[in-house]
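What follows is a short report on a single structure.
Derivation of every value follows stated rules applied to the coordinates shown; laboratory data play no part. Model, not experiment: these values are computed from the prediction. Counting neighbours? That spans all protein chains shown, and the Cβs are built from the backbone with ideal geometry, glycine included.
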Amino acid sequence: MIVSPSLLSADFARFGEECAFMQSCSADWLHIDVMDGHFVPNITLGAPVVKAIRGYSDLPFDVHLMISEPLKYVKDFAQAGADIICFHAECDSDIKQTIDKIHSLGCKAGLALKPATPASEALKYKDDLDMILVMTVEPGFGGQSFMDDMLPKLEEISRACEGSSMYIQVDGGIDENTVGKVRAAGANVCVAGSAVFKAEDPAKMIELLKSEN
Ligand code: DX5
Ligand code: ZN
């Protein structure tokens, strides 16, 4: 299991140091949540912030775009230092064009699904994608409860991608109690915000998420 701590739960006043700290805790990737106040009812940060923290860690930056028009902004995030750019199937941009644009910028491309969106909306692009993100909460906020009813969708996606190098990522409510379920359903990348940042010992929590069955 690849563990990608969500910086949404980090101390924003010490953002750079938090990236370096996660690396020292053996995080695999860093998950950066970008929200525009339109696609989701919350606003977080943009490409200049990604650029500002890039120098604090050499871990892959896993940028989760919860924005209405990703095609307009993927270039900014690629230039700011993103390695993986994931956007939503429910957005207003052309999906194929956005995937192609992300690849042309030298990044890996991911497609995310809100809880109500069926697996088929990602699977129809599977040959072009590097990652599919199954949201296990409604996007917008950290600290919500894991939705068990997303497990069949996760299983369907894992089955369809069997034998491929697809990253199958889950995001929302992942902790020591839920990671085993998503692992069993085929997830190979987990995002964890509050579980890692609010842990007494974040390094231990990351280790646990990596190994928990
Ligand atoms: C929610 C974000 C998540 C969030 C997860 O919209 O996409 O990445 O930070 O937070 P936890 O792990 O606390 O549910
Ligand atoms: Zn996220």
- Does D149 satisfy being assigned to a helix (DSSP H, G or I) and either more than 16 Å from ligand 2 (Cβ to nearest atom) or in contact with a strand residue (DSSP E or B) (Cβ under 7 Å, 6 or more places away or on another chain) (or both)? yes
- Query: Taking strands (runs of 3 or more DSSP E) that fall entirely within region 2-87, which contain at least 1 residues that are small (G, A, S) and touching a residue at least 24 places away in the same chain (Cβ under 8 Å)?
  - Reply: 2-5
- Task: Identify all residues within region 157-186 that are touching a Gly at 6+ places or on another chain (Cβ under 9 Å) and either more than 16 Å from ligand 2 (Cβ to nearest atom) or not small (G, A, S) (or both); write none if there are none.
- Result: I157, S158, R159, C161, E162, Y167, I168, Q169, D171, I174
- Query: Does G110 satisfy the condition of being touching a residue at least 12 places away in the same chain (Cβ under 8 Å), on the phi > 0 side of the Ramachandran plot and surrounded by 15 or more Cβ atoms within 10 Å (Cβ to Cβ)?
  - Reply: no
- Task: Determine which single condition F15 fails, assuming it passes every other condition in (1) more than 15 Å from M131 (Cα to Cα); (2) aromatic (F, W, Y); (3) surrounded by 20 or more Cβ atoms within 10 Å (Cβ to Cβ); (4) touching a helix residue (DSSP H, G or I) at 6+ places or on another chain (Cβ under 7 Å).
- Result: (3)
